[in-house]
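Here is the structure we will look at.
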Amino acid sequence: MGLKRLDKLIALNCNVSRKDARKLIKDSAVTVNGRICLRAEELIDIDADDVSVKGYSFTIKEHIYIMLNKPKGVVSATRDPAKKTVIDIIPDSLKRKSLFPCGRLDRDTTGLLIITDDGAYAHRIMSPSHHVYKTYEAILSFPLYDEDIVRLESGITLDDGTECLPAKVEPFTDNGLPAARICIREGNYHQVKRMFAAVGNHVEQLRRIQIGSLRLDPKLPEGESREMTEEEMQLVFIDQ
Ligand code: URA
């Protein structure tokens, strides 16, 4: 059972400031289990209580978890003075204060990105000690040699001396183009591009397709996002 203050929950779920949430409460616009509640500090049971604002009841949630199919051209940041961010392209119905992307995809990388306002959840995904694998599909300039795969799978050393953990690599062709699926549990700057560069190849296009056992929803077009289910949230922490 999670008990949370009424004004905090309204601010989070209705994407308004805490001050505006208090005003809504003071103006008798908020009911709890059918009764007007005038106490901002009222403790709400997230799992059991029914809260309405201006007559609209909503499912109260402390946090939100969003799956985005990131398109090219947007940056994985919360704000940017010049460029569009992944937060800018989230629809208003899912927007909340404090949303941020769990990790970074390069501006030209597409695919699965989780956006949340839950710092602890994001930490579990991003921290290397939690060993969450991320799977990418890369279109390459040249086919991979068997010895490239052996080097990538046994832990390759990048040009700057960084030693990578062993990856899982599966070559394939994508519409006749050389390609590979690569599964890693690190998230260093340009990690996948630099790993392929270290075997003399070049990534032409990169798409993240999976985090843990959570796959990018094939029905989610590029640029679109939706809330994740409880099951999907847990799939992230299950080994593939
Ligand atoms: N590795 C890269 O090189 N780029 C990404 O966007 C993600 C992983």
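The values are calculated or read from the model by the stated rules, or taken from the named source; none is laboratory data. Since we're looking at a predicted model, the values are computed, not measured. Neighbour counts run over all protein chains shown; Cβ positions are idealised from the backbone, glycine included. Just the protein is used for accessible areas: all its heavy atoms, side chains included, with ligands, DNA and RNA removed. Shrake-Rupley method; radii C 1.70, N 1.55, O 1.52, S 1.80 Å.
Summed over the range 194-223, the residues that are out of contact with any helix residue (DSSP H, G or I) (no Cβ under 9 Å at 6 or more places or on another chain), open to solvent by 90 Å² or more (accessible area, probe 1.4 Å) and more than 13 Å from the ligand (Cβ to nearest atom) give a count of 3.
Residues satisfying the criterion are absent from the range 149-158 (criterion: touching an Asp or Glu at 6+ places or on another chain (Cβ under 7 Å), open to solvent by less than 50 Å² (accessible area, probe 1.4 Å) and within 14 Å of the ligand (Cβ to nearest atom)). When G111, G103 are checked against the criterion of being within 13 Å of the ligand (Cβ to nearest atom), surrounded by 12 or more Cβ atoms within 10 Å (Cβ to Cβ) and either of a type in the set (V, I, T) or modelled with pLDDT of 95 or more (or both), a single residue qualifies: G111. What's the number of the only condition in (1) within 19 Å of K95 (Cα to Cα); (2) modelled with pLDDT of 90 or more; (3) among the hydrophobic types (A, V, I, L, M, F, W, C) that I36 fails to meet? Against the list (1) within 19 Å of K95 (Cα to Cα); (2) modelled with pLDDT of 90 or more; (3) among the hydrophobic types (A, V, I, L, M, F, W, C), I36 comes up short only on (1).
Close Cβ contacts (under 8 Å, 6 or more residues apart or on different chains) running from residues in the range 97-111 that are without any contact (Cβ under 8 Å) to a residue 24 or more places away in the chain to residues that are part of a loop (DSSP other than H, G, I, E, B) and surrounded by fewer than 16 Cβ atoms within 10 Å (Cβ to Cβ) comprise F100/T78. The residues in the range 79-97 that are part of a loop (DSSP other than H, G, I, E, B) and under 23 Å from C14 (Cα atoms) can be counted, and the count is 10. A single member of E224, E186 is under 23 Å from D118 (Cβ atoms) and in the same structural domain as I89 (by TED's automatic domain parsing), and it is E224. I115 falls short on exactly one of the conditions (1) closer than 23 Å to F237 by Cα; (2) among the aliphatic types (A, V, I, L, M); (3) touching a Gly at 6+ places or on another chain (Cβ under 8 Å), and that condition is (3).
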